[in-house]
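Here the structure is laid out as structure tokens; the discussion comes afterwards.
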Amino acid sequence: MKKLMLVLVIVVLNSCKTEAQQDENAMDFKVQKTDSEWRAELTSEQYRVLRKAGTETPFTSPLNNIKEPGVFACAACGNELYETQHKFDSGTGWPSFDRAIENSLAFSSDRKLGYERSELLCGDCGGHLGHIFDDGPKETTGKRHCINGVALKFIPKEN
Ligand code: FE
């Protein structure tokens with residue numbers, strides 16, 4: 001009987017592992033790097049947000065104040081994600097946009113706060129960017145992309 005239990009435990013543990021691995025592989029991102037490569041390339045805060053789905057402290061990102069024309073690219077892989085013309089002041093303390101550059105994102109979902117949220121990922125490297133909500137500007141898309149500034153780098157438009 002004990003042996004049977006042990007076998008069952010092993011089977012259950014293995015099936016959990018397989019499921020988790022399948023989840024991770026579910027999205028095939030163009031940019032693939034190992035955890036230690038990301039750790040070496042990113043700052044610790046970038047790594048915490050982009051690779052571990054962390055959240056930066058609101059009102060801390062210098063990108064909150066950017067109003068000049070340009071593009072916001074993924075800080076991990078350089079994929080161009082957002083444009084200044086679609087940025088708006090949401091009052092949340094995180095850089096906010098009403099839409100992304102077409103086909104630049106991937107979507108997932110999480111229940112970290114106890115309810116379902118749509119998570120926004122970089123479409124090229126899978127890095128965690130933030131979340132999307134339906135309380136954006138009504139006069140445009142009605143969407144609010146709530147993005148961690150540390151996950152982005154700003155590239156001013158050349159004149
Ligand atoms: Fe990326």
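For the reader, a short list of remarks on this structure follows.
- The set of residues in the range 122-159 being of a type in the set (A, V, I, L, M), surrounded by fewer than 21 Cβ atoms within 10 Å (Cβ to Cβ) and touching a residue at least 40 places away in the same chain (Cβ under 8 Å) consists of Ile155 alone.
- Residues of the range 109-126 include at least one that is of a type in the set (Ser, Thr, Tyr) and closer than 19 Å to Leu50 by Cα.
- Search result, residues across the range 81-116 that are within 21 Å of Thr60 (Cβ to Cβ), touching a His at 6+ places or on another chain (Cβ under 8 Å) and free of Cβ contacts under 8 Å to residues at least 60 places away in the same chain: Ser96, Phe97
- If the condition is being more than 14 Å from the ligand (Cβ to nearest atom) and either among the β-branched types (Val, Ile, Thr) or part of a loop (DSSP other than H, G, I, E, B) (or both), then the range 136-150 contributes Gly136, Pro137, Lys138, Glu139, Thr140, Thr141, Gly142, Lys143.
- Close pairs from the range 48-64: first without any contact (Cβ under 8 Å) to a residue 24 or more places away in the chain, partner within 16 Å of the ligand (Cβ to nearest atom), Cβ under 8 Å, at least 6 apart: Arg48/Gly54
- Odd one out for Gln85, checked against (1) at positive phi; (2) more than 16 Å from the chain's Cα centre (by Cα): (1)
- Scanning the range 76-98 for residues that are within 16 Å of the ligand (Cβ to nearest atom), in a strand (DSSP E or B) and of a type outside the set (Phe, Trp, Tyr) turns up at least one hit.
- Residue check, Arg39 modelled with pLDDT of 95 or more, crowded, with 16+ Cβ neighbours inside 10 Å, in a helix (DSSP H, G or I) and away from the ligand (no atom under 11 Å from the Cβ): no
- Residue check, Asn65 more than 16 Å from the ligand (Cβ to nearest atom), over 23 Å from Trp38 (Cα atoms) and either crowded, with 21+ Cβ neighbours inside 10 Å or among the polar types (S, T, N, Q) (or both): yes
- Tally, over the range 115-135, of residues that are under 25 Å from Val31 (Cα atoms), more than 13 Å from the ligand (Cβ to nearest atom) and among the hydrophobic types (A, V, I, L, M, F, W, C): 1
- Among the numbered conditions (1) of a type in the set (D, E, K, R); (2) away from the ligand (no atom under 13 Å from the Cβ); (3) under 17 Å from Val31 (Cα atoms), the only one that Arg111 does not meet is (3).
The values are calculated or read from the model by the stated rules, or taken from the named source; none is laboratory data. Computed from a predicted structure; not experimentally measured. A quick note on method: Cβ atoms are made from the backbone with ideal geometry, for glycine too, and the neighbour counts reach across all protein chains shown.
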